[in-house]
Amino acid sequence: MKRIIGNIWIYFLLLRNFLKPKKVITPHTLKNILIIELSRMGDVISMLYAILCLMENFSNSTFYFAIDARYQSLLKKLLEFHNVNISRVKIFGFKYTDTIEGLRLTKRMLDKYRYDLICSMSPSFRNSFLALSLNSEFKVGFFRLNSIYTPFLEKNEVEAIGIKNFTSNSFLYENIENRGFKICNSLGLKCEALQNNKFKLDKKRSNINFQKPYIILHPFSGWKFRSWNYLNFVQLIKNIIKKLDVKIVVIGSPEEKLIGEKLCNLVGNKNVYPIFEEKLDNILNIMPDADLFIGNDSGPLHLASIFNVPAIGLYGPAPPELTAPQRKVNFYFYKKLECSPCKQIDCIRPDNTCMDQITVEEVTMKVFEFFNIKSNVNE
């Protein structure tokens, strides 16, 4: 029922917005641009190069960002790492945007500013509602709602409001990193050079005293059926530290701390370091220098890849060619079943899921390959 009401409200807002007259966008006249991406960490990170493309083409504009409060400092640091002039950036972090009251308060805050262009960076109700409710001469992005669970499997059109010089683009069966570029392309912007760009990193160290080499491990995900059993991670860590002289940093959010610390205690080794934090400050500091990242299909995997850290990704309900960072240094385990891909909220084979098809032994051997170690896992 909530979804039906939400769709009706979005279509009402679309109708009201499409009545606006269309004008030609001239980049130098756009003073304030609002970017809305209130979804998960992976969505925030995946839009980054498209954001850099927008900032490069609209060089006179101030960019406002509306994102989840958990990723406010993350986005700021990622932009700083790329030597963006932060004086032309204002990042607003919001909580509880999955509730009506949270959205109302978010809109109230954003209404204090005037925008010339608003971009809805992914097809979600929160993004669409805010983009269509706020005042702006021009709006572009994903406004209509299809699947909230697998938007990469549904056709999503880039639409524009008030823009005369606009070319429609659609996103379907493509990698998630292309989604933001669809918006740029619809505006006639060229972004090819940025798609293979790398961050110019300001090397920063955390206040945690450990030296290289180290592996960062993220044994969680936002979806139950995307998650490899945490006991598999326990055995994986034991296999690694038995053969390799490395440190293991287990990362996660405060909500994941209980299981994460249980995992670390089951390993019982002084070279395993847990970091569980909301703002990701220490994780951001140590991520660029990591020798390897291992984790489920989740935001931290995208974070590792954007720093060009080699990664081993564990994929199940969603195929990596659509949702994984496309980096040559990465390797993804994906055991496609007859039911794959799926909407990942229910499973028709809960006792033997697609994630269960990935074995500890094969992941261990892939880790050894990264470190050029030949060893029998069962020794």
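Within the range 58-83, residues that are at negative phi reach partners that are among the hydroxyl-bearing types (Ser, Thr, Tyr) with beta carbons closer than 8 Å, at six or more positions or on different chains, in the pairs Tyr64/Tyr113; Tyr64/Tyr115; Ala66/Thr106; Asp68/Ser39; Asp68/Thr97; Arg70/Ser253.
Quick check on the range 198-214. Is at least one of its residues at pLDDT 90 or above and either over 20 Å from the mean Cα position of the chain (by Cα) or among the hydrophobic types (A, V, I, L, M, F, W, C) (or both)? Scanning the range 198-214 turns up at least one residue that is at pLDDT 90 or above and either over 20 Å from the mean Cα position of the chain (by Cα) or among the hydrophobic types (A, V, I, L, M, F, W, C) (or both). Within the range 246-255, the set of residues being assigned to a helix (DSSP H, G or I) and surrounded by 18 or more Cβ atoms within 10 Å (Cβ to Cβ) is empty. Does Pro151 fit the bill of being crowded, with 19+ Cβ neighbours inside 10 Å and either small (Gly, Ala, Ser) or at pLDDT below 95 (or both)? In short, yes. Of all residues in the range 332-361, those satisfying the criterion of being outside any loop (DSSP other than H, G, I, E, B), under 24 Å from Leu303 (Cα atoms) and more than 18 Å from the chain's Cα centre (by Cα) are Phe333, Tyr334, Met355, Val360. Exactly one residue out of Asp297, Asp351, Asp356 is within 16 Å of Gly222 (Cα to Cα) and among the acidic types (Asp, Glu), and it is Asp297.
The values are calculated or read from the model by the stated rules, or taken from the named source; none is laboratory data. Note that the structure is a prediction, hence the values are computed from the model and not measured. Here the Cβ is made from the backbone with ideal geometry for all residues, glycine too, and neighbour counts use every protein chain on show.
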